[in-house]
Amino acid sequence: MSRSPNPPEAADPRQLRRIIAEDPHWLLSTVPSLSNLCLQSIVNRFEERPIWEDLSPVHKDFVQERLSTSMPLHVTANLIHDGVYWKRCCEKWGGIRDLTHYGNSWKRMFFEKHMENMIELFIPDVTEPKTFVEMVPLCKDYIKRLNISQLLPPVTEPQKEEEEYGSELVIENEDGPSMDHFDFNIMLDKLTNLEEFHVVYRVKQCGLNFQCKMFEMTHRDCESLAKAVKSCKTLKILRLNLSHMEDTKCRLLVKYLLDHPSLRELDLSHNLIGDKGARAIGKLLNRSSLETLNLCDNNIGGPGAKALAHALGGQAIGKALLNNNTLLLLHLGANEVTWPSAIALSKVLVQRSTLKSLNLSCNNLGVDGGKALEEAMSNNSSLTECDIRLTEVEEQSASFVNQVVWTNQSLEQRRHARESKTKKTSTAVY
C-alpha cells in the first residue's frame, strides 16, 4: 500500500492535556454549577418574577452583583436591602460621595441623590408632578437630607405678533404658569424621615440666558415652601440661602415656622432680610427651640443717618434672646448692626448662659459697642466663640473679649475632660 504524500499533521499536544502548568494564564473552562445557573435565571427574570426573601445571604450577594442597575425602582426599592446593588447604582450616577455623610448607607445615598436630581430638573407645567407622587412611597423611608442646588423656572415662550396691520403684542398664555418653581407641598410632608433640608432658588450654568428672576424666590414660592416645611414635623435643619428673601417673604416664612416641634437650626444667610424680618425672627426665637441661627450677609440694621432706627432689627433679636433658653449659636456677621444692637446683645451675655457662639464680624459696632461687649464679657463664663473682627471696636476691647473667650474655652475643655473621665469610671464599675 502506498503512503499518502501529505500525511495529517499531529494534533496540538496542548489540546490533549488537561493541565498546562507552564502557562500561568491558562484556565480550564468548567461547567457552571446548577445553583449558579438557577441564580442567573433569577437575575435575568427579576423584573417579571422577583425572588429575594427566599435566598440565602450568599445567594443574595450573587444576585446583587449581577442585577441590572436599570431595574425599575418599584421592583427593587423596598425589596433589595442596602448593599452592593445600591453601590453599583450610585456608581452609575457618577461621582461617589463620602459614604459617612449618608450614615454609611448606599441605599440612602442613591435615593437622596435621585430625588435631588428629579427636583433640580423639574420644569413647572412641563414635568408631570405625578412622577413624584409615584416615587415618594418608594423612597420616603431612606431620605434624611435633601440638598437642592437649583430650581428651574417655567419655560416662557417668546411673544408673538399678530399678522394684522398695527396689532399689538399678545401673550398666548394669559393665565401664566401654575407655579413659579417646584412646589415642595407635593412631597415634603410625605418624607417621614427628613431631617435636613437645604434649598437655593437659582439656575446653575444659565449662560447667555441669564435673567434676574432666575435667582430669586417669588411670593408664591415662599408661601408653598413655608407650608411644606410646616407640614414636615421631623425637620431639624432648614437652610435657605442666596434666594433674594426680603422682609415680606421672611415674615411669611416665620409665620409658618412658629411652634415647629423639631426645628433646631435655621440658616437664612446671604439674603435681603432687613429690620422687619429680624423682628419676625425675634418672635420665632420665643416660640421655637432653635439652637443655631445664621443670618449673616443680610440687611439687618440700616446705613447712614438712619442707622439708629434701622438697628431696631438687631435690637429685636437681642431682646428676644433674653427670653430664650435654647439658642447656642448666633451669626449676625456682614449686616448693618450698630452700637445699640451691641448693647442689647451685651445684656444677653450677662443674663443668659446658654449662648456659646456669637459672630458680629463686619458690622459697625464702634467704640461704644466694643465697650458694652467688654463689660458684658467680664461677667460671662459660657461664650467660647466671639468674632468681632472688622467692627470698628477699639483694640483694647477686642483684646479683652478674646482673652475671656480663651479662658472660657479652657474651662469648657476641662469640664468635658471631667465628664469623660466620670463616664469611663461609671462604665468600668458596671
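Just so you know, all these numbers are worked out from the coordinates, no wet-lab data involved. Every value quoted in this text rests on a predicted model; they were computed, and no experiment measured them. Please note: Cβ atoms are built from the backbone with ideal geometry, for glycine as well, and neighbour counts cover all protein chains shown.
Per-structure values
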| item | result |
| --- | --- |
| C-alpha center-to-center spacing [the stretch 193-255, the stretch 41-85] in angstrom | 38 |
| The chain, relative contact order in percent, only Cα pairs under 8 angstrom and at least six apart counted | 7 |
| Order by protection proxy (mean Cβ within 10 Å, highest first), peptides 316-327, 275-286, 33-44, 385-396 | 275-286, 316-327, 385-396, 33-44 |
| For peptides 213-225, 52-64, sequence by mean Cβ density within 10 Å, most packed first | 213-225, 52-64 |
| Net lengthening on full extension, S41/E375 (0.36 nm per residue, minus Cα-Cα) | 112.5 nm |
| Candidates E374, E336, E134: whichever shows maximal mean-square fluctuation once the chain is modelled as a Gaussian network with Cα springs under 10 Å | E134 |
| Calculated FRET efficiency for the pair K92/T127, C-beta based, R₀ 25 Å, to 0.05 | 0.70 |
| Listed pairs K230/K283; K60/K87; K113/K190; K230/K347; K190/K230 exceeding 24 Å between Cα atoms | K230/K347 |
| Distance in nm between pseudo-label sites at E291 and K423 (7 Å out along the Cβ direction from Cα) | 1.4 |
